[in-house]
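What follows is a short report on a single structure.
The values are calculated or read from the model by the stated rules, or taken from the named source; none is laboratory data. Everything quoted here is computed from the prediction, not taken from an experiment. Every residue, glycine among them, receives a Cβ derived from its backbone with ideal geometry; neighbour counts consider all protein chains shown. Calculation scope for accessible area: heavy atoms of the full protein, side chains included, ligands and nucleic acids excluded. Shrake-Rupley method; radii C 1.70, N 1.55, O 1.52, S 1.80 Å.
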Amino acid sequence: MRPLLAGAPRLVGDGVKVKHGASEGAKRAVRARPRRASSQHDAHGRELGRLPRYHQLWPRDVLPAPPPQQVAIEVAAASRNDDAAAAAALDDDMVVTEPETGSTALHVVAAAGDGRCYLESARVICGKAWHLLGAPNSDGDTPLHCAARAGNSRMVARLVELAAAAAAGGEGEGEARARALVRARNKRGETALHEAVRFCGHDHEMVRALMREDRWLASVVANDGTSPMYLACSLGRKTIARELHQRGHGISYSGPDGQNALHAAVIHDKVITKWLLEWNKDLVNQRDINGSTPMHFAASAADPSFQFTSFVFTTSNLETHFVGSYLLPQRCLTRLYEWREFPFPLLLEAEPSLAFQPDIDGSYPVHIAASAESMVAVIVLLTKYPGCAGLRDAMGRTFLHVAVEKKRYHVVKFVCHCSRSFRPMLNVQDKDGNTALHLAVKQGELDIFRCLIRNRNVKINLQNNQGNTPMDLALGKVRSGFYFGLTAPRRILGMLNLANAQTSSSNRRRDQMVEYNPSLNEGEESSKIKDFAQIVGIGSVLVATATFAAAITIPGGVRSPGDVSPAKPGMAAPPPAGTPVFTGKYAFDGFVVSNTLAFICSTLATFSLVYCGVAAVDIQRRFKLVSFSLAFLLCAARSFCAAFAFSLYLLLAPVEHGTAIAACVMTSLALLDGLWFLITSFHDTTVLLSRRTRLTFLKVGIGFIANTVYLFWPYLVIFGYMFIDGAKHLGEF
């Protein structure tokens, strides 16, 4: 009993119909579950070797209905002598179909693989029921579609060969039948070539097999207008795109929504973009349904070579675009991009007028580039055609307005860095009268605002159509009530104040301005203060408890009565029992002062937080207590860290002096927790020096000193006392 055909594809359905009285050879098309499957695979993962073994479930001529979604068939013939019986069994009444998808046995075999067994299975099925080659399922897919979608290139070639061999009228009829098979379209209007381009990867053998039968196949487009060439460009399949161009006749470049292959290529692959411009230059002028040319798409392309990503404690990728924009001249960068043959310079060279053509929304390529933060397009456009900087969209916005609204920091920084070239653009107003600075304040984007206000050419007192200056908008953005003091709106308002920015109150009564009469929701503010007191109170109590325990169990312990020797004549009396062992040490004095200061500050913070949580206290008083408690808690934490460092030094210095010094140095990093606040304040202040306002170095210096004293006054107290004490008593450090 040598099987002529063996395969184990799974079918989904309600049952298998078998003609009553069929021969034993036909009855070997059985339903079964595989015990185990062992097979060999080729380099592409396709099954070639042994097939699953099955339990034979043939108690009667008609099979019982199988469990839903669990039908498997194996097509086999008992022997060469039984082929006639098998053929009789495999007639139209025995075609296994799945009611929901309408797939036949040939659909399943074609999608299952293209190993030797599957290819032989397809041959036998077609030999008995050749009409299944063109039979569509419920989606209109033929077995050829299924094979192409599964990436089975050998199966695709076999089905095409079977279609040609099934013709009874000679070679001409066979070619016509094969051509009709490859041109068959499913309900989406796609041929098997569409599926081959989509799923075969960079292996073009399947495409070649289909194109060999019909060189005009690449001209067939889907119902939505998608052509095989458009799919190849969308997926970046260079080898397939070249194969379609070399072997096809009358190639279609169309895509959905009025696009063409060049719209897709400029985003995905620069090599295909160059080829398309050589094959059909007219593609550059075609617009889609939104009026976008391929240049609009190229302007939105990313700059992958100028990005890096950090995944450490960030809510999004940290991308730094275009480091070279701050190091190299614009013309050098433009030549570099042209040498690298990026899509945008290629399109601009092919058709320069595209830079001045808007889409249906009035957006030019420069607006698209600014919105997408495509630095290649921005620099090339503004270098070769500086007039693009003045183009306005339907809302009267320049590319700088768009960059600020979309929070594209690198575009804004590039413009401010090249302020001589783009000086007129910095103060252009849109249809609402807003400049880029107005929009930066509205967006609350601190980095962009800082970049703009640093530039002395930016006017800070211009009014928009509503009569609001940036200062008016900043006052409206700062919310009243209990909020963190270093939020972006508060810092923006502070920088405008330091820059002597003016409000429009000279034209209006100040008492009638909403920003000067903020409303306060006392219920909401009381709830926030209560939550703050509960959370921060835990920290203050912990610090108070730890400092109290440290005062009782001081480093080194205390002297016991047995440690005290009698006083000798002419010498000072030794310290009495119960006194600290390290008394008189310079570091011990530092520990005592630090621990005491930490205990006092944490205790005051705890009592203040108790009053903060009491709703009976006036809300304004509770605001003051919140600030008071937070300031003292921070001072307590810094003092406690200093006490910890002194304690480690006292214990380790006698035996490991180097380790003691290292421990103090590492602890000092925690002592500088206020450095971040100091740097932030200093940065916001010094950023205005370039504007040459009345802000002087003396004013900056006074602010810096005031913030330093506020943040680090516990250290001044601790080390100030130690300095004075050391000057009086030169103790051992």
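Could you say whether any residue in the stretch 156-167 is over 22 Å from Met211 (Cβ atoms) and in contact (Cβ under 8 Å) with a residue 12 or more places away in the chain?
No: the stretch 156-167 contains no residue that is over 22 Å from Met211 (Cβ atoms) and in contact (Cβ under 8 Å) with a residue 12 or more places away in the chain.
Which condition does Arg423 not pass, out of (1) within 25 Å of Leu496 (Cβ to Cβ); (2) open to solvent by 30 Å² or more (accessible area, probe 1.4 Å); (3) assigned to a loop (DSSP other than H, G, I, E, B), if it passes all the others?
Status for Arg423: all satisfied but (3).
Just to be sure, is Arg392 of a type in the set (Lys, Arg) and buried (at least 19 other Cβ atoms within 10 Å of the Cβ)?
no
Sort out which residues of the stretch 104-116 are open to solvent by 20 Å² or more (accessible area, probe 1.4 Å) and either more than 18 Å from Ala148 (Cβ to Cβ) or at pLDDT below 90 (or both), and write them in order of number.
The answer is Arg116, and nothing else.
Out of the residues in the stretch 706-720 meeting the condition of being surrounded by 15 or more Cβ atoms within 10 Å (Cβ to Cβ) and among the aliphatic types (A, V, I, L, M), tell me which one is nearest to Leu633 (Cα to Cα).
The qualifying residue nearest to Leu633 (Cα to Cα) is Leu711.
Which residues, taken from the stretch 217-238, are open to solvent by 10 Å² or more (accessible area, probe 1.4 Å), in contact with a helix residue (DSSP H, G or I) (Cβ under 9 Å, 6 or more places away or on another chain) and over 22 Å from Val284 (Cβ atoms)?
Val220, Asp224, listed by residue number.
Mind checking whether some residue in the stretch 526-533 is more than 28 Å from Trp676 (Cα to Cα) and either among the hydroxyl-bearing types (Ser, Thr, Tyr) or modelled with pLDDT under 85 (or both)?
yes
Got at least one residue in the stretch 442-456 being of a type outside the set (A, V, I, L, M, F, W, C) and over 19 Å from Pro489 (Cα atoms)?
So far as the stretch 442-456 goes, yes, one or more of its residues are of a type outside the set (A, V, I, L, M, F, W, C) and over 19 Å from Pro489 (Cα atoms).
If you check every pair at least six apart or on different chains, which have Cβ atoms under 6 Å apart with a residue in the stretch 407-428 that is closer than 18 Å to Ser690 by Cβ first and a residue that is among the basic types (Lys, Arg) second?
Listed by first residue and then by second, the contacts come to Asn427/Lys459.
Out of (1) in contact with a strand residue (DSSP E or B) (Cβ under 8 Å, 6 or more places away or on another chain); (2) at positive phi, what's the single condition that is false for Gly201?
Just one mismatch for Gly201, condition (1).
To keep it simple, each residue is scored yes or no on (1) among the charged types (D, E, K, R); (2) open to solvent by less than 40 Å² (accessible area, probe 1.4 Å); (3) not in a helix (DSSP H, G or I).
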{"site": "His410", "(1), (2), (3)": "no, yes, no"}
{"site": "Asn434", "(1), (2), (3)": "no, yes, yes"}
{"site": "Ala440", "(1), (2), (3)": "no, yes, no"}
{"site": "Leu452", "(1), (2), (3)": "no, yes, no"}
{"site": "Arg456", "(1), (2), (3)": "yes, no, yes"}
{"site": "Leu473", "(1), (2), (3)": "no, yes, no"}
{"site": "Arg479", "(1), (2), (3)": "yes, no, yes"}
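Looking at the stretch 243-262, which of its residues are in a strand (DSSP E or B) and under 12 Å from Thr293 (Cα atoms)?
Result: Asn260, single match.
Can you find, within the stretch 83-103, the residue that is modelled with the highest pLDDT among those that are surrounded by fewer than 22 Cβ atoms within 10 Å (Cβ to Cβ) and of a type in the set (Ser, Thr, Tyr)?
Filtering the stretch 83-103 for residues that are surrounded by fewer than 22 Cβ atoms within 10 Å (Cβ to Cβ) and of a type in the set (Ser, Thr, Tyr), the one modelled with the highest pLDDT comes out as Thr101.
Could you tell me which of the residues Ala178, Ala209, Ala147, Ala157 is open to solvent by 20 Å² or more (accessible area, probe 1.4 Å) and assigned to a helix (DSSP H, G or I)?
Result: Ala157 is the single residue among Ala178, Ala209, Ala147, Ala157 that is open to solvent by 20 Å² or more (accessible area, probe 1.4 Å) and assigned to a helix (DSSP H, G or I).
Could you figure out which of (1) more than 27 Å from Pro345 (Cβ to Cβ); (2) modelled with pLDDT of 90 or more isn't true of Asn455?
Going through (1) more than 27 Å from Pro345 (Cβ to Cβ); (2) modelled with pLDDT of 90 or more one by one, Asn455 breaks only (2).
For the stretch 136-150, give me the residue count where each residue is of a type in the set (Gly, Ala, Ser) and under 17 Å from Asp203 (Cα atoms).
Final tally of qualifying residues: 3.
In this structure, does Thr191 turn out to be touching a strand residue (DSSP E or B) at 6+ places or on another chain (Cβ under 8 Å), under 26 Å from Gly258 (Cβ atoms) and crowded, with 17+ Cβ neighbours inside 10 Å?
no
Taking into account only those residues within the stretch 160-174 that are open to solvent by 20 Å² or more (accessible area, probe 1.4 Å) and at pLDDT 85 or above, which is farthest from Val108 (Cα to Cα)?
It comes out as Ala164.
Please go through the stretch 586-632 and give me each residue that is touching a Cys at 6+ places or on another chain (Cβ under 7 Å), open to solvent by less than 30 Å² (accessible area, probe 1.4 Å) and closer than 18 Å to Phe677 by Cβ, ordered by number.
Cys601, Val626, Ser629, listed by residue number.
Would you check which residues across the stretch 478-496 are modelled with pLDDT under 85 and either among the charged types (D, E, K, R) or more than 30 Å from Asp531 (Cα to Cα) (or both) and list them?
Once the filter is applied, which keeps residues that are modelled with pLDDT under 85 and either among the charged types (D, E, K, R) or more than 30 Å from Asp531 (Cα to Cα) (or both), the stretch 478-496 yields only Arg479.
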